[in-house]
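The values are calculated or read from the model by the stated rules, or taken from the named source; none is laboratory data. Every value quoted in this text rests on a predicted model; they were computed, and no experiment measured them. All Cβ positions, glycine included, derive from the backbone under ideal geometry; neighbour counts span all protein chains shown. Note: accessible area is taken over every heavy atom of the protein model, side chains too, but ligands, DNA and RNA are not part of it. Shrake-Rupley method; radii C 1.70, N 1.55, O 1.52, S 1.80 Å.
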Amino acid sequence: LIALPLLESATAITDALAGIAGRYDLVYAFDGCGSNDWLRYQPGLPGGSTLHSVDAGLGLWIHATEAATLTQSGPVLESMEIPLCAGWNLAAYPSAAARPLPDALSSIGGQYNLVYAYDGTSAPPEWAFYDPVIPYWGNTLFNLSWGAGYWIRATEDCALSVEN
């Protein structure tokens, strides 16, 4: 579950993932604001794909077929507004520095009730969560970080503002 925080605008999925071409076989994104929530890209089957471009605000599930490192270059975005709709959203946190929760989500304070993160590189893979209602020490997710994607459950339509 990753993000591509240096994309200045919508970029073709094949261009955005060129650095790991041949080392993945499936990519999913989730658009909680769209009519077709799950978007999919499968190399070799581009005609059946619904995920054609990505941007810095989108979280991506990538099924790697072997170990791979995706390197990005370019300027860090000064700021970004990521629209979230009521319900689940798969979003990035394109901040150049990790920020602690709940500060990282202060622009949508009171408009979300759960955040999940997934670390597929740990053995075994691990889920972490942040629930703003329970005591801080009861959570397992404490920071939002560069290059990661997050499941955010918004309680209403809102926009996450990220400043660098």
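Some values worked out for this structure:
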| quantity | calculated |
| --- | --- |
| The listed residue being more than 15 Å from the chain's Cα centre (by Cα) and either among the aromatic types (Phe, Trp, Tyr) or at positive phi (or both), out of Gly44, Gly48 | Gly44 |
| Residue list for segment 98-139, restricted to those being within 25 Å of Cys85 (Cβ to Cβ), assigned to a loop (DSSP other than H, G, I, E, B) and either in contact with a Gly (Cβ under 6 Å, 6 or more places away or on another chain) or not charged (D, E, K, R) (or both) | Leu101, Pro102, Gly109, Gly110, Gln111, Pro132, Val133, Ile134, Asn139 |
| Which listed residue is open to solvent by 40 Å² or more (accessible area, probe 1.4 Å) and within 17 Å of Gly57 (Cβ to Cβ), from Trp146, Trp137 | Trp146 |
| Matching residues in segment 87-107 - criterion: being closer than 23 Å to Trp38 by Cβ and open to solvent by less than 60 Å² (accessible area, probe 1.4 Å) | Gly87, Asn89, Leu90, Ala91, Ala92, Tyr93, Pro94 |
| Filtered residues of segment 3-29 (kept if surrounded by fewer than 19 Cβ atoms within 10 Å (Cβ to Cβ), outside any loop (DSSP other than H, G, I, E, B) and among the hydrophobic types (A, V, I, L, M, F, W, C)) | Ala12, Ala18, Ile20, Leu26 |
| Near pairs, Cβ below 6 angstrom, 6+ apart or cross-chain, from segment 121-149 (closer than 15 Å to Leu1 by Cβ) to any residue that is assigned to a helix (DSSP H, G or I) | Leu144/Ala104 |
| Among the candidates Asn113, Asn164, residue that is polar (S, T, N, Q), touching a residue at least 24 places away in the same chain (Cβ under 8 Å) and in contact with a Leu (Cβ under 8 Å, 6 or more places away or on another chain) | Asn164 |
| Identity of the residue in segment 60-86, of a type in the set (Asp, Glu) and more than 15 Å from the chain's Cα centre (by Cα), that ends up most open to solvent (accessible area, probe 1.4 Å) | Glu78 |
| Asp55 vs. criteria within 21 Å of Leu160 (Cβ to Cβ), exposed (fewer than 15 other Cβ atoms within 10 Å of the Cβ) and either modelled with pLDDT of 90 or more or not aliphatic (A, V, I, L, M) (or both) | no |
